[in-house]
Amino acid sequence: MEHRLQSGRGAPDFIYDIHPLPQIRFAGVALAAAFNVAAYSDALYEVLGVSFPAHLARAVAKRKAEFLCGRFLAALAFERLGAEHQEIGTGEHREPLWPANICGSLSHTHDRVACLLSCDARLGLGIDLENIQADEGARNLSRMVIGEAEHALLNACSEPFGLCFTTVFSAKESLFKALYPRVRRYFDFHAARVIRIDLAQGLIVMELTQDLAQCYRAQDRFELGVTLETTRVLTYLVHEAPGS
């Protein structure tokens, strides 16, 4: 297995630098990898042992490459867990449909992919990768994502606004991914607010602003991990769902 984590099984020019994420500690597997869209071809689906989905027949190469990398990394995670690989479906909003006894989460940027996977179906898992936005672009987008109190919190941070905003944006994406399998409906960025952000400690705390389901109520709080890279932010949430 360690050898297989070195490269993409016959496609090392396409997917490479496959490695665990040791900062994410839970009853499961956390993996990340890099990929090169310029090296993509449809033939790589067969090379990497991933079924080519009919709904991507007319998709651009970037979309097909992202899908392939996510499903391939998930297959490696199944192996690392010692679990039998099972087909991962695709929902109407392109979300992964995990098998009944599995919980997982996938994310990608233009050249990176990450996966969380566990056989503990009680868990809620969310992971998200984002390229760090410039301050100006972040401020232009911020009103769609954060409220006034969050805006004040980010302005008070010693780090650049673009970095802080990207982290919050990513954390809200991770929260959505972790809660959606039980909420089963879409909720927007303002359904949760940031009440603490500590990039030095790799921590962000979010609080729901509304009831989302019987098991997720307004004022419920979630602690998410943050990992900063030179040009990217990775956030993640691992929690045991209420009532599970």
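The values are calculated or read from the model by the stated rules, or taken from the named source; none is laboratory data. All values reported here derive from a predicted model rather than from experimental measurement. Methodologically, a virtual Cβ is constructed for each residue, glycine included, from the backbone with ideal geometry; neighbour enumeration extends over all protein chains shown.
Is it the case, given these coordinates, that A34 is touching a residue at least 40 places away in the same chain (Cβ under 8 Å), in a loop (DSSP other than H, G, I, E, B) and within 28 Å of L224 (Cβ to Cβ)?
Criteria not met by A34.
Inside the stretch 174-192, can you point out the residues that are buried (at least 19 other Cβ atoms within 10 Å of the Cβ), touching a Ser or Thr at 6+ places or on another chain (Cβ under 8 Å) and touching a residue at least 40 places away in the same chain (Cβ under 8 Å)?
Matches in the stretch 174-192: S174, K177, A178.
Just checking, which of F67, F26, F72 is free of Cβ contacts under 8 Å to residues at least 60 places away in the same chain, closer than 28 Å to A121 by Cα and among the aromatic types (F, W, Y)?
F67
If you take just the helices (runs of 4 or more DSSP H) that sit entirely in the stretch 58-168, which of them hold at least 2 residues that are out of contact with any strand residue (DSSP E or B) (no Cβ under 8 Å at 6 or more places or on another chain) and acidic (D, E)?
135-142
Looking only at the stretch 2-14, decide whether some residue is of a type in the set (F, W, Y), buried (at least 21 other Cβ atoms within 10 Å of the Cβ), without any contact (Cβ under 8 Å) to a residue 60 or more places away in the chain and more than 30 Å from L179 (Cβ to Cβ).
yes
Within the stretch 204-244, track down each residue that is within 20 Å of the chain's Cα centre (by Cα) and farther than 23 Å from C103 by Cα.
Once the filter is applied, which keeps residues that are within 20 Å of the chain's Cα centre (by Cα) and farther than 23 Å from C103 by Cα, the stretch 204-244 yields L228, E229, T230, T231, R232.
For L203, indicate whether it is among the aliphatic types (A, V, I, L, M), in the same structural domain as R143 (by TED's automatic domain parsing) and buried (at least 17 other Cβ atoms within 10 Å of the Cβ).
Here the answer is no, as L203 does not meet what is asked.
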